[in-house]
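Engineer: Have a look at this one before I ask anything.
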Amino acid sequence: MPFKTLDEKEIQRLNRIQRERFDELVERFEPPLPEGVPERLSRIVAAAGIRNGEVVLDVGTGTGILVPLLQSYRPGRIYACDLAGKMLKRLRKNYPGVETILSDVRDLTLPDARIDVVFINACYPNIVDKAGAFKNVARMMTPAGRLIISHPLGKRFVDRLRRNSPFPFDDFPEKSEAEQLFSPYRFRVEMLVDEPELYILTLRRPSTVLRTSRPTRQQ
Ligand SMILES: C[S@@+](CC[C@H](N)C(=O)[O-])C[C@H]1O[C@@H](n2cnc3c(N)ncnc32)[C@H](O)[C@@H]1O
C-alpha cells in the first residue's frame, strides 16, 4: 500500500495554505506547554537513542520545541527544517546555534547518508507529498539511521484539529500499515507507542550484516 499521490499544483497549493497558517501561529507553539507534554516530548526524544556526535534533523520543527531536548544528548549537529519562515525566525532567536532550512522536507538537499536521526514531531499528518518526503529522508539517512514519527497529544487530538482545518491531516498509521507504507523506503517498524495522548513510531533500516568469507585453514 503506497502513500497517495497528488498532482504538483495541489501539493504547492496545500503547502502555501499551511505556510500562511503556521506563520500566523508562532506564539501558540511557544511555552508554557500543556500539562504532561514536556514529559511526553522527553519520551519521544529518548526513543531515538541519540549518541554523542550524531547528526539530527528535526522536520517541521516549528519554533524548535524539541531542540533543548535534542541538545541534551550532545549531537554533533542539528538541522531544523520547516515550510514556515516565521517559525524558523523564532527558532533562531530561541536557539542561535541551530542550522535552520526553509524547505519542504521532500526538497531538502543535504548530502546522501548525512543524517543519523530524523524526528517528525506533530508534523506527519501535515506532510502533503509523503512519497517524495520519505524518498528524500531515506536518501539522507545513514544505514544505521532512526526515523521517529510522533505526536505528544496523540491521534485523538489530530482528529479534533481536522474538524476546522483549512488543509487536510492524514492519520497516523497502525503497525501493519506502517510496515507496508515504509518498506519501500527500507524502513522497518522497531516500536509503536499508541496511547490516548502519545504516538511514537520508531523506524530503522534493517541492519546490514557484512559477512566476509575467509577460507578456514585445515590443519
Ligand atoms: C503542528 S506544527 C509542529 C511544530 C513542532 N514540530 C512542534 O512539535 O511544536 C507543524 C509544522 O510542520 C511544518 N510543515 C508542514 N509540512 C511540512 C513539510 N512538508 N516540510 C517541512 N515542514 C512542514 C509546518 O510549517 C509547521 O511549522
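Engineer: Scan 159, 129 and give me the residue that is over 24 Å from residue 67 (Cα atoms) and within 9 Å of the ligand (Cβ to nearest atom). Walk me through how you get there before you give the answer.
Structural biologist: Numbers: 159 fails: within 9 Å of the ligand (Cβ to nearest atom).
Going through 159, 129 in turn, the sole match is 129.
Engineer: Restricted to the range 2-21, and to residues that are within 13 Å of the ligand (Cβ to nearest atom) and β-branched (Val, Ile, Thr), which residue is farthest from residue 179 (Cα to Cα)?
Structural biologist: 17
Engineer: Going by the conditions given, is residue 95 modelled with pLDDT of 95 or more, more than 12 Å from the ligand (Cβ to nearest atom) and among the aromatic types (Phe, Trp, Tyr)? Explain how you work it out, then say what you get.
Structural biologist: Numbers: modelled with pLDDT of 95 or more: yes; more than 12 Å from the ligand (Cβ to nearest atom): yes; among the aromatic types (Phe, Trp, Tyr): yes.
The answer is yes for residue 95.
Engineer: Just give me the residues in the range 51-69 being more than 9 Å from the ligand (Cβ to nearest atom) and either among the charged types (D, E, K, R) or within 30 Å of residue 12 (Cβ to Cβ) (or both), in sequence order. Working first, answer last.
Structural biologist: Filtering the range 51-69 for residues more than 9 Å from the ligand (Cβ to nearest atom) gives 51-57, 67-69.
51, 54, 55, 56, 57, 67, listed by residue number.
Engineer: Just the residues that are within 14 Å of the ligand (Cβ to nearest atom) and outside any helix (DSSP H, G or I), please, taken from the range 117-126. Steps first, please.
Structural biologist: Initial filter on the range 117-126 (within 14 Å of the ligand (Cβ to nearest atom)): 118-126.
Selection gives 118, 119, 120, 121, 122, 123.
Engineer: Residues in the range 169-188 that are buried (at least 16 other Cβ atoms within 10 Å of the Cβ) and within 20 Å of residue 139 (Cβ to Cβ): how many?
Structural biologist: 5
Engineer: How many residues are over 12 Å from residue 201 (Cα atoms) and either in contact with a Leu (Cβ under 6 Å, 6 or more places away or on another chain) or near the ligand (Cβ under 10 Å from one of its atoms) (or both) if we restrict to the range 137-151?
Structural biologist: So the first thing to find is which residues in the range 137-151 are over 12 Å from residue 201 (Cα atoms), and the list is 137-145.
Now restrict to residues that are either in contact with a Leu (Cβ under 6 Å, 6 or more places away or on another chain) or near the ligand (Cβ under 10 Å from one of its atoms) (or both): 140.
Qualifying residue count for the region: 1.
Engineer: Considering each of 177, 195 in turn, give the residue that is over 19 Å from residue 122 (Cβ atoms) and not aromatic (Phe, Trp, Tyr). Before the answer, list the steps.
Structural biologist: Numbers: 195 fails: over 19 Å from residue 122 (Cβ atoms).
Unique residue meeting the criteria: 177.
Engineer: I would also like to ask the following. Helices (runs of 4 or more DSSP H) wholly in the range 11-116 with at least 1 residues that are within 14 Å of the chain's Cα centre (by Cα) - which ones? Before you say what the answer is, go through the steps one by one.
Structural biologist: Details: elements: 37-46, 67-71, 85-94.
In the range 11-116, 37-46, 67-71 are the helices (runs of 4 or more DSSP H) which contain 1 or more residues that are within 14 Å of the chain's Cα centre (by Cα).
Engineer: Any residue in the range 21-37 that's more than 17 Å from residue 151 (Cα to Cα): show its pairings with residues that are loosely packed, with under 14 Cβ neighbours inside 10 Å at Cβ separation under 9 Å, as long as the two are six or more apart or on different chains.
Structural biologist: Close Cβ pairs satisfying both conditions: 21/166; 23/85.
The values are calculated or read from the model by the stated rules, or taken from the named source; none is laboratory data. All figures in this text were calculated on a predicted structure; none of them were measured in a lab. Every residue, glycine among them, receives a Cβ derived from its backbone with ideal geometry; neighbour counts consider all protein chains shown.
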